[in-house]
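Chemist: Okay, handing you the structure first.
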Amino acid sequence: GYDASTTRIVVILDAPQPKPKFPASTDSLIDLLANVNTLNAQYQLALLHLNRSEYNLGSNVLSNIPSIFTLTAYELTTHQNMVDYYDWLVAIKQNQGNILYPDSTQQQQLWDIAAADSSGAGIYARNLLVAMGATTYSEPIVLPDIYKSTRAMEDYDKLLHTDSPNFLKLFPNPTKDYVILEYKLETDVLANISINDINGITIKAIETKGQQDQITLITSDWKPGIYIANLKISGKIVESIKFTIVK
């Protein structure tokens, strides 16, 4: 028999559904970046166009940068390197390639970009080379005060090539308002802990008391950046820990 309610349901299900009119999330991000008048925002905008396969739009963004911004000689060099990196990515994508498996010519181009500068596209290129196993990277620890003598350099070199003694622990890392230093020595010896900023300036010096202890340092008024905690026994650095303060 005829069932009107069933018919109405069928009509509703068969009716075309309206498509959502919400813009894609990347559209909003593109609008945002397009209105941010900084170099970094424009580079991000170009790479976002690249991810959407809008190669010409991204290229136009990069081409307009020298006319929008007054670039220093160094910025012009890094900008050209970013253009080279962008063109390298476009060539890979247009040829349906994989950025982690470039051919020998493409890999050499990536090496050239990585060598051209130490920021921006140079960092991106080095990260890709590391990811594809073409090179390795170890972040250097800067300790200017360790290089006061040849003997100190030799001692520090030995320290880098030996297993960490784990006398010193530090947490949380990164941190904001405070940091806890925990030390545990093998014997009750004369030791101290110094905190240096990245320029080698001593921010805090602490003498240890006993073989083990925990020390809480308030860092809320310290400048954000990288710091080094050095544990010294009898005037010799035996362990160093890098930590970061964020705001």
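Chemist: List the pair-distance distribution P(r) of the stretch 166-222, using every Cα-Cα distance, as the percent of pairs falling in each 5 Å bin from 0 up to the bin containing the longest distance, rounded to whole percents.
Modeler: Binned Cα distances yield the sequence 4, 17, 27, 26, 17, 8, 2.
Chemist: Then there's this: Roughly speaking, what is the stretch gain from L57 to A41, that is 0.36 nm per residue apart minus the C-alpha to C-alpha distance, in nm to one decimal?
Modeler: Gain on extension, L57 to A41, equals 4.3 nm.
Chemist: Then there is this: Evaluate E = 1/(1 + (r/R0)^6) for M132 and A73, where r is the Cβ-Cβ distance and R0 equals 35 Å; express this FRET efficiency to the nearest 0.05.
Modeler: With a Förster radius of 35 Å, E is 0.65.
Chemist: Where in the stretch 61-125 are there chymotrypsin sites (Phe, Trp or Tyr not before Pro) that are in a DSSP coil and have at most 16 other Cβ atoms within 10 angstrom of their Cβ?
Modeler: Here the chymotrypsin sites (Phe, Trp or Tyr not before Pro) that fit, given the DSSP loop and packing criteria, are F69.
Chemist: Structure shown: which of K209/K247; K176/K223; K169/K247 lie over 20 Å apart, alpha-carbon to alpha-carbon?
Modeler: Violating the 20 Å limit, Cα to Cα: K209/K247; K169/K247.
Chemist: Using Cβ contacts closer than 10 Å as the measure, can you line up R52, R126 from fewest to most?
Modeler: R52, R126
Chemist: Also, I was wondering about something else. For a quick check: sort D84, D112 by the number of other beta carbons within 10 angstrom, fewest at the front.
Modeler: Placing the least packed residue first, the sequence is D112, D84.
Read-outs: derived from the displayed coordinates by stated rules, not from any lab. Quantities reported herein were computed from a predicted structural model and do not represent experimental measurements. Counting neighbours? That spans all protein chains shown, and the Cβs are built from the backbone with ideal geometry, glycine included.
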